[in-house]
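Got a structure for you, questions after.
The values are calculated or read from the model by the stated rules, or taken from the named source; none is laboratory data. The structure displayed is predicted, hence computed values, not measured ones. Here the Cβ is made from the backbone with ideal geometry for all residues, glycine too, and neighbour counts use every protein chain on show. Keep in mind that these areas ignore ligands, DNA and RNA; they rest on the heavy atoms of the full protein, side chains included. Shrake-Rupley method; radii C 1.70, N 1.55, O 1.52, S 1.80 Å.
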Amino acid sequence: MTDTLLEIDRLSVDYETARGDLKALRDISFDVRKGEIVGIVGESGCGKSTLISSILRLTAPNTRFRQGEVRFRGEDLLQLPERKMRDLRGADISIVFQDPMQTHNPVLSIGQQMLDIQHRSKASKADKRARAAQMLGAVGIPDPEARLDQFPHEFSGGMRQRIAIAMALMSEPDLLIADEPTTALDATLEVQIIERLQELQQEFDCAILFISHHLGVIAELCDRVVVMYAGAVVESGEVREIFHDPKHPYTRRLIDCDPGHIKERARVLPTIPGEVPDLANLPGGCIFRDRCDQAMPRCAAEVPPLEQLKDGHQAACWLNHKEAAE
Amino acid sequence: MSLLDVKDLKTSYGPVNVLAGVSFTVEQGETYALVGESGSGKTTVIRAIAGLAPAQEGSVKFEGREIRGASERELRPLRKDIAMMFQDPVGSLSPRLTIRSLITEPYRIQGMKERDLDAEAKRLLEMVNLPAHFADRYPYQLSGGQARRVGVARALALEPKLILADEPTAGLDVSVQGELLNLMNDLRERLGLAMVIITHNLNVVRHVADRMGIMYLGRLVEEGTTEAIFKEPRHPYTRCLLSANPEPDPDARLERIALKGEPPSLLRRPKGCEFRERCPFAQEICIQTPQWEVANGHGLRCLAPLS
């Protein structure tokens, strides 16, 4: 396929620990097409962060890539020499982190930091500065030229996150990874960031991999959604399919748990009882089995594969399996 | 007599007046939510109540006793009754203490020597659904959600009458968030606990708060029962805030009301209504300063309220 930008193909990643190998990612497959916004949802510990650091190859020293490929424009990033990887980071793939308060260097002006990240460009200093001001304008910072000389503490949280986005987009990357960029912000700023990302995505025509556990934000922003649980993809599909016709019990429970769905005040909010399994000591069969109210004997015996249910909608659950009806 | 009675609380850091007069009350067993933009002073309010931030003017009465400006020695016995849950779950735990020491520290500080600390640690961990062997762990070995639950356990250790919770569910997954809110609702019913909760998540407010106050630039601009405010917000800022709440439905049609510009600097507070320059509904009269007016338990600071 020519329009596929990023392909994660059967990726498995372990962390070597004193307790044994922690199977942080197991057999992960999904892709991101050019100019598309793909959301990744899942609870803490589901492997979202390991996935991001694997794509960027900024992994901890005890990380072991067991199998699979991370193909970016057809090239397996896991095989690239570090020198080439460095050329990609920040230029073709860039990232916006969770906490806008800690992303910037507090002792350098925003302008200086925006000049520094253009170190690859041969342009003159004046041109680089003009480019920085232009990017600040693009993310809606008023008076960009004057504000370049200000320091991070002189900006509000929402502005700092928009500056982080401006910096990430400065090199016009093909892929922007946004790691929970709105978690630290209040509702009005959150909406501001989502709308800005949507506009910029149109303007720069980049693909966005958007990681969040805020279902409302995912529903509003993304074209497609990948649902992860305990290091595996359990479901993926178009955003409407996922929210209106979820095919994995975990996805269904996750959506039910979102208090945004419950308009009347509830005395007891729905939860998913039980705990995420220990990744160093995985049970056999389906990983969600212990917490699933629809589990069958087969779920304990065999791991359900991620199956194509209909065009572009996949789920890993025996309930959808044709033989389940028997 | 209200459990907590905050009147005209003012805090300045040098020339920056962060709180420009905040008043509200919390009854026993009641949950009161403070919402508003980052930087509107929510955290300063609850820190000032707990004696952790200065408040130069105004009054904070707890069970009828004035506690603003109380010395550390006077505050110490009160800390048994007023517990705080901090915003940063990992940062609020000392990195060099085990979870056992952290959650039983309140007993040691209050000199409750007769308690069996191991048993208490076990009970508290169980209460917040953490396995007992976590007692021997250190904060760096916890995930954000687990650290958050340790924070809850520590706040509940002494069975306080009032909990001040600063963003207790930020960064938690929906399921864990549900568990935590259910736990807090349950404790409120069983122990008659009152809570002041700060959150950005309006869906959380709807499910836990009896009443809510909306802050803008260090002042309350609207206050009322959660139900009334969600149903019919009267201050334009409240309307904007509520309209910004993303819905977990890709087909939801949201009528967003956009806020103009950035929050003004606290060093140069606008004249007249301080929200005027950003208000999509501003009128000529808004050049005058609006007063706080209460009708049927619904407080409002606006000269051109929405109906």
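Tell me which residues, restricted to the range B:221-248, are among the aliphatic types (A, V, I, L, M), in a helix (DSSP H, G or I) and in contact with a strand residue (DSSP E or B) (Cβ under 8 Å, 6 or more places away or on another chain).
Start the filter on the range B:221-248 by keeping residues that are among the aliphatic types (A, V, I, L, M), which leaves B:221, B:228-229, B:241-242, B:244.
Checking the rest, the ones that are also in a helix (DSSP H, G or I) come to B:228-229, B:241-242.
Within the range B:221-248, B:A228, B:I229, B:L241 qualify.
I'd like the full set of residues that are closer than 26 Å to B:Y13 by Cα and touching a His at 6+ places or on another chain (Cβ under 6 Å), limited to the range B:209-267.
Answer for the range B:209-267, where residues must be closer than 26 Å to B:Y13 by Cα and touching a His at 6+ places or on another chain (Cβ under 6 Å): B:V221, B:E222.
Same structure, new question: Looking only at the range B:196-210, count how many residues are more than 10 Å from chain A (Cβ to nearest Cβ) and open to solvent by 10 Å² or more (accessible area, probe 1.4 Å).
The total comes to 0.
Among (1) open to solvent by 50 Å² or more (accessible area, probe 1.4 Å); (2) within 26 Å of A:D87 (Cα to Cα); (3) touching a residue at least 12 places away in the same chain (Cβ under 8 Å), where does A:E16 come up short?
(2)
Go through A:E302, A:E241, A:E220 for me and flag whichever is in contact with a strand residue (DSSP E or B) (Cβ under 6 Å, 6 or more places away or on another chain) and assigned by TED's automatic domain parsing to the domain that holds A:I8.
So the residue among A:E302, A:E241, A:E220 that is in contact with a strand residue (DSSP E or B) (Cβ under 6 Å, 6 or more places away or on another chain) and assigned by TED's automatic domain parsing to the domain that holds A:I8 is A:E241.
Let me ask another. Quick check on the range A:205-228: of everything there that is more than 17 Å from A:L6 (Cα to Cα) and open to solvent by 20 Å² or more (accessible area, probe 1.4 Å), which residue is modelled with the highest pLDDT?
Applying the filter and picking the extreme gives A:E220.
Here is a yes/no grid of residues against (1) basic (K, R); (2) over 22 Å from A:A315 (Cβ atoms); (3) touching a strand residue (DSSP E or B) at 6+ places or on another chain (Cβ under 9 Å):
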position: A:P259; (1), (2), (3): no, yes, no
position: A:E264; (1), (2), (3): no, yes, no
position: A:P273; (1), (2), (3): no, no, no
position: A:A280; (1), (2), (3): no, yes, yes
position: A:P283; (1), (2), (3): no, no, no
position: A:I287; (1), (2), (3): no, no, yes
position: A:D290; (1), (2), (3): no, no, no
position: A:Q294; (1), (2), (3): no, no, no
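Pull out all pairs, ordered by first then second residue, where Cβ-Cβ is under 6 Å, the residues are six or more apart or on different chains, the first lies in the range B:131-152 and is closer than 25 Å to B:L164 by Cβ, and the second is modelled with pLDDT of 90 or more and surrounded by fewer than 17 Cβ atoms within 10 Å (Cβ to Cβ).
Matching pairs, first to second residue: B:P139/B:P95.
Let me ask something else about it. Taking the residues in the range A:157-183 that are within 13 Å of chain B (Cβ to nearest Cβ), under 17 Å from the mean Cα position of the chain (by Cα) and surrounded by fewer than 23 Cβ atoms within 10 Å (Cβ to Cβ) as candidates, determine which candidate is nearest to A:I93 (Cα to Cα).
A:D179
Then there's this: Go through (1) within 13 Å of another protein chain (Cβ to nearest Cβ); (2) closer than 22 Å to A:E180 by Cβ one by one and return the number of the condition B:Y216 breaks.
If we test B:Y216 against (1) within 13 Å of another protein chain (Cβ to nearest Cβ); (2) closer than 22 Å to A:E180 by Cβ, just (2) comes out false.
Of the residues A:L148, A:L136, A:L77, A:L115, which is surrounded by 18 or more Cβ atoms within 10 Å (Cβ to Cβ) and over 30 Å from B:S265 (Cα atoms)? Outline the logic, then answer.
Working: A:L148 fails: over 30 Å from B:S265 (Cα atoms); A:L136 fails: over 30 Å from B:S265 (Cα atoms); A:L115 fails: over 30 Å from B:S265 (Cα atoms).
Exactly one of A:L148, A:L136, A:L77, A:L115 is surrounded by 18 or more Cβ atoms within 10 Å (Cβ to Cβ) and over 30 Å from B:S265 (Cα atoms), namely A:L77.
Name the pairs whose Cβ atoms lie under 8 Å apart, with the first residue in the range A:261-285 and more than 7 Å from every other protein chain (Cβ to nearest Cβ) and farther than 22 Å from A:M296 by Cα, the second open to solvent by 50 Å² or more (accessible area, probe 1.4 Å) and hydroxyl-bearing (S, T, Y), and 6 or more positions between them or separate chains?
A:A280/A:T17
Going through A:E69, A:E154 one at a time, which residue ends up being of a type in the set (D, E), open to solvent by 50 Å² or more (accessible area, probe 1.4 Å) and within 26 Å of B:V16 (Cβ to Cβ)?
Just a single option satisfies the conditions, and that option is A:E154.
If you don't mind, there's one more thing I want to ask. For the range B:177-195, enumerate the residues that are within 7 Å of another protein chain (Cβ to nearest Cβ) and of a type in the set (A, V, I, L, M).
Within the range B:177-195, just B:L181 meets the criteria.
Any residue at all in the range B:242-260 that's more than 9 Å from chain A (Cβ to nearest Cβ), under 22 Å from the mean Cα position of the chain (by Cα) and open to solvent by 10 Å² or more (accessible area, probe 1.4 Å)?
no
Separate question: Checking A:R86 against (1) at pLDDT below 95; (2) assigned by TED's automatic domain parsing to the domain that holds A:Q192; (3) basic (K, R); (4) not in a helix (DSSP H, G or I), only one condition comes out false. Which one?
(4)
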